[in-house]
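To keep things clear, I will list the structure first and then write my remarks on it.
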Amino acid sequence: MIKKFFKKIKRVIVLSITLFYSCLDNNQALKDINLFEQEPIGTAYDIRMVYTDSMRVSAILTASKHIDYTNLSFKYSEFPEGVKVVFYDQYENENVVTADYAILYDSTKLIDLQGNVLIKSNNGAELTSDQIFWDSSNDWIFTERPFDFKDSDYEISATRLDTNKEFSKFKTGELTGTIVVKDSVK
């Protein structure tokens, strides 16, 4: 009878130990698995990417560091130490974009430029802000942050911008500055 009792106790102890170990906190193991999934596929230094279209150079991107997360389900690339992109139009005129930080979201083709953002067109127009988004699919530029814009006809400051890349369709929030108005004489 005592042997039966000890056998039952032994079974209960084994079952209790099994249950105890199966209930241990596995959060760290899950964090380790998720951390692995968030690692970039690659990191490159001192990069220069040349984009071509029909055998013509359309843009040259340079950056000190590029981190590639295109292995994730929501693919993106990061330029944590700044980026410079020189765009060339059909007449080989240069338009330049610089920022202290940039992130490119592959699926949306949206580029988030941050820190000392400067967009300088070949006609002398300049747009500056601390953050600008560029929709590369639609060649559209926008921000909800304060910005400054100047060209030969305008010198404005405002919050909120919605414009095409040529700055010919321009929507802003409340603005201040000067606008040249040409008076037509009849």
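The values are calculated or read from the model by the stated rules, or taken from the named source; none is laboratory data. This one's a predicted model, so the numbers in the text were calculated from it and none came from an experiment. Ideal geometry is used to build each Cβ from the backbone, glycine not excepted, and the neighbour counts take in all protein chains shown.
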How about the range 96-127: which of its residues are surrounded by fewer than 17 Cβ atoms within 10 Å (Cβ to Cβ), more than 9 Å from the chain's Cα centre (by Cα) and among the hydroxyl-bearing types (S, T, Y)? S107, T108
Verdict on Y105 being at pLDDT 90 or above and among the hydroxyl-bearing types (S, T, Y): yes
Flagged in the range 73-82 as buried (at least 16 other Cβ atoms within 10 Å of the Cβ) and either more than 19 Å from G115 (Cβ to Cβ) or over 11 Å from the mean Cα position of the chain (by Cα) (or both), in numbering order, are G82
Quick one: D100 ticks every box in (1) among the charged types (D, E, K, R); (2) in contact with a strand residue (DSSP E or B) (Cβ under 7 Å, 6 or more places away or on another chain); (3) touching a residue at least 24 places away in the same chain (Cβ under 8 Å); (4) under 25 Å from K65 (Cα atoms) bar one, so which box is it? (3)
Could you say which residue among I47, I13 is modelled with pLDDT of 55 or more, part of a strand (DSSP E or B), on the phi < 0 side of the Ramachandran plot and surrounded by 10 or more Cβ atoms within 10 Å (Cβ to Cβ)? I47
Just checking, does the range 22-34 include any residue being loosely packed, with under 10 Cβ neighbours inside 10 Å, modelled with pLDDT under 60 and under 27 Å from A102 (Cβ atoms)? yes
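With a cut-off of at least 2 residues that are out of contact with any helix residue (DSSP H, G or I) (no Cβ under 8 Å at 6 or more places or on another chain) and within 22 Å of D46 (Cβ to Cβ), name the strands (runs of 3 or more DSSP E) lying wholly within the range 73-146. Write out each step before concluding.
Working: elements: 76-79, 83-88, 94-99, 101-105, 110-120, 126-135.
Per the criteria, 76-79, 83-88, 94-99, 101-105, 110-120.
Confirm whether D151 is closer than 30 Å to E39 by Cβ, surrounded by fewer than 17 Cβ atoms within 10 Å (Cβ to Cβ) and not aromatic (F, W, Y). Let's see the steps before the verdict.
Values: closer than 30 Å to E39 by Cβ: no; surrounded by fewer than 17 Cβ atoms within 10 Å (Cβ to Cβ): yes; not aromatic (F, W, Y): yes.
When the stated conditions are applied, D151 does not pass them.
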